[in-house]
Amino acid sequence: MKIAFVGKGGSGKTTLASLFARHLAAAGLPVLAIDADVNQHLGVALGLEEETAQPPAMGDHLEAIKDYLRGDNPRIRSTATMVKTTPPGRGSRLLRVVERNHLYELLERRVGEVRLLATGPFQQDDLGVACYHSRTGAVELLLNHLVDGPGEYVVVDMTAGADCFASGLFTRFDRTFLVVEPTRKSVAVWRQYQGYASGFDVNLSAVGNKVQAGGDVAFLREELGTHLLVCVEHSGFVRAAEQGRPLALDALEAANRTALERLREAVDATPKDWAKFSRQAVGFHLRNASAWANARTGEDLATQVDPGFILGPDAPQLATVL
């Protein structure tokens with residue numbers, strides 16, 4: 001299952017994404033974690049030291065990512081005509097959560113049993129010139145080609161607020177958790193995100209965070225209603241980690257361990273719909289092609305769509321997985 005953690009900046013989505021990834025890994029489940037936030041802190045939250053926390057930036061290896069995923073798909077003439085929304089087809093090289101391949105060897109860093117990838121921060125040459133979506137495009141391409149099997153989890157720490165609506169990236173997940181603090185500003189972000197996502201069949205739930213008293217829970221329930229899935233209490237465990245005193249996961253408060261398990265239950269209860277995933281990928285690709293990508297590449301990128309191709313465990317794949 002592909003899971004996104006989104007929310008207002010500072011709401012704690014990186015913290016919850018890391019705790020959820022660690023919770024799954026502690027249960028012996030395969031986890032691929034991706035840091036797609038402009039503030040790259042997921043590695044540290046997972047337990048890496050500041051000096052070694054950053055894996056190689058996906059945004060700096062976009063050509064290598066395109067070349068690998070393109071495989072020998074005859075509908076994609078070159079990596080120059082492959083854009084962030086290019087969908088897979090017969091001949092594309094698909095990815096699995098549990099495998100060894102050249103792309104993972106280039107990009108990943110292991111944190112215990114968690115496989116970590118990261119878009120990378122802004123570079124000096126990007127400042128004042130490029131937006132961060134030039135880097136998150138690598139995540140969209142990867143997710144479009146990623147076949148996650150039963151009992152496998154892809155946990156993505158997303159950009160803050162509604163930034164991911166600049167492309168179809170917000171539809172690349174089976175379940176989206178929007179982290180909401182017990183404040184009016186955080187609730188406003190929930191309402192904005194929910195409004196943008198309406199009509200796209202996004203499985204969206206609110207997760208209360210930094211809850212300190214019964215009044216906080218009552219506030220969130222009043223504002224969010226049945227959309228509020230669970231609340232995570234203000235945590236001494238998290239504060240210790242933020243102060244450079246990381247603890248073993250079993251030291252996490254019992255109520256918060258229960259909350260993480262509730263998140264897993266919600267994910268596991270979400271139906272896997274490969275047909276919808278593929279249909280939305282094609283739809284957003286065609287929208288981007290007509291809006292800007294055809295003009296930029298000088299080709300009609302609608303021809304990249306392989307009619308009838310549905311990503312999934314049974315998808316035809318002609319390229320050799322390396």
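What follows is calculated from the coordinates using simple rules that are stated; it is not laboratory data. As the structure is a prediction and not an experimental result, all values here were calculated from the model. When we count neighbours, we look across all protein chains shown, and the Cβ atoms used for this are built from the backbone with ideal geometry, even at glycine.
Taking H placed 1.01 Å from N in the peptide plane, check which residues at least 5 places from LYS210 or on another chain put their amide H under 5 Å from its amide H.
Sorted by chain and number, the residues that satisfy this are VAL232, HIS234.
Ordered by residue, what ³J(HN,Hα) values in Hz, to whole numbers, does region 270-286 give under the Karplus form 6.51 cos²θ - 1.76 cosθ + 1.60, where θ = phi - 60° and Gly and Pro are x?
7, x, 8, 10, 5, 5, 5, 4, 5, 4, 5, 4, 5, x, 6, 5, 5
Taking amide H atoms as placed 1.01 Å from N in the peptide plane, list the residues 5 or more away in sequence, or in a different chain, whose amide H sits under 5 Å from that of ALA118.
ASP35, MET58
Applying the Karplus parametrisation 6.51 cos²θ - 1.76 cosθ + 1.60 with θ = phi - 60° to the phi angles of region 153-164, what ³J(HN,Hα) value in whole Hz is obtained for each residue in order, glycine and proline being reported as x?
10, 10, 10, 10, 8, 8, 5, 6, x, 9, 4, 6
With a ≥ b ≥ c taken as the square roots of the eigenvalues of the C-alpha gyration tensor of region 270-321, please select rounded if a/c is under 1.5 and otherwise prolate if a/b is larger than b/c or oblate if it is not?
oblate
If I fit a long axis through the Cα atoms of helix 214-224 and take the longest principal axis of the Cα atoms of the chain, what angle between them do I get, 0 to 90°, rounded to 10?
30 degrees
Divide by every residue of the chain the summed helix terms, -39500 (n - 2.57) for each DSSP H run of at least 4, and state the resulting mean residue ellipticity at 222 nm, rounded to the nearest 500 deg cm²/dmol.
-10500 deg cm²/dmol
Within the set of other residues whose C-beta is less than 14 Å from the C-beta of GLU222, count the net charge using Lys and Arg as +1 and Asp and Glu as -1.
Every neighbour counted, the sum reads +1.
From the phi angles alone, apply the Karplus equation (6.51, -1.76, 1.60; θ = phi - 60°) to region 289-302 and give each ³J(HN,Hα) in whole Hz, x where the residue is Gly or Pro.
4, 6, 6, 8, 6, 4, 5, 5, 8, x, 9, 8, 6, 4
Taking the Cα centroid of region 1-27 and of region 273-314, what is the distance between the two, rounded to the nearest whole Å?
29 Å
Tell me the net charge near ILE3. Cut-off is 15 Å between Cβ atoms, ILE3 excluded, with +1 for each Lys or Arg and -1 for each Asp or Glu.
Value of the local net charge: -1.
If you line up the long axis of helix 254-268 against the longest principal axis of the chain, both from Cα atoms, how many degrees apart are they, to the nearest 10?
The helix 254-268 is inclined about 30 degrees to the chain.
Net charge near VAL180, counting Lys/Arg +1 and Asp/Glu -1 over other residues with Cβ under 12 Å of its Cβ?
Charge balance near VAL180 sits at +4.
Please report the spacing between the Cα centers of region 158-215 and region 40-107 in Å, no decimals.
So the two Cα centres are separated by 26 Å.
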